[in-house]
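The values are calculated or read from the model by the stated rules, or taken from the named source; none is laboratory data. Everything numeric in this text was worked out from a predicted model, so none of it was measured. Methodologically, a virtual Cβ is constructed for each residue, glycine included, from the backbone with ideal geometry; neighbour enumeration extends over all protein chains shown.
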Amino acid sequence: MKIVKITALAAFLGLSLGTANAADIEKGKALSGQCAACHGAEGISHSPMWPNLAGQKAAYLEKQLKDFRGDVRKDPMMSMMAKPLSDEDIANLAAYFSSL
């Protein structure tokens with residue numbers, strides 16, 4: 001009986017956490033306007049100086065943005081852009097660009 005309760009609780013918590021952390025592509029799209037100047041409106045850069053974001057894995061994009069925000073990666077422009085982003089903003093941007 002105890003195992004059934006623990007399993008049910010774990011399933012409930014896993015489902016709840018997954019829903020709470022789900023990224024919103026539309027919110028990411030709304031936030032992506034600032035990115036377009038360098039990375040292109042659809043995440044395809046017009047210059048070899050800046051990487052394409054379209055189609056990158058969301059986890060990779062999230063890590064890069066968090067690293068810029070936390071000054072783990074150093075780039076004055078990207079750090080400035082990433083500093084005000086919340087974890088939710090970053091997840092939404094990553095979801096949007098990975099969906100392209």
Quiz prompt | Pick from the stretch 52-65, criterion buried (at least 18 other Cβ atoms within 10 Å of the Cβ) and either among the hydrophobic types (A, V, I, L, M, F, W, C) or over 12 Å from residue 23 (Cα atoms) (or both), ranking: farthest from the chain's Cα centre (by Cα) | solution = 53
Practice problem: Would you mention how many residues in the stretch 66-95 are under 8 Å from the mean Cα position of the chain (by Cα) and surrounded by 20 or more Cβ atoms within 10 Å (Cβ to Cβ)? | Solution: 6
Quiz item: Considering 54, 22, which residue is on the phi < 0 side of the Ramachandran plot, assigned to a loop (DSSP other than H, G, I, E, B) and at pLDDT below 95?
Solution: 22
Quiz item: Given the structure, is residue 42 acidic (Asp, Glu), on the phi < 0 side of the Ramachandran plot and in a loop (DSSP other than H, G, I, E, B)?
Solution: yes
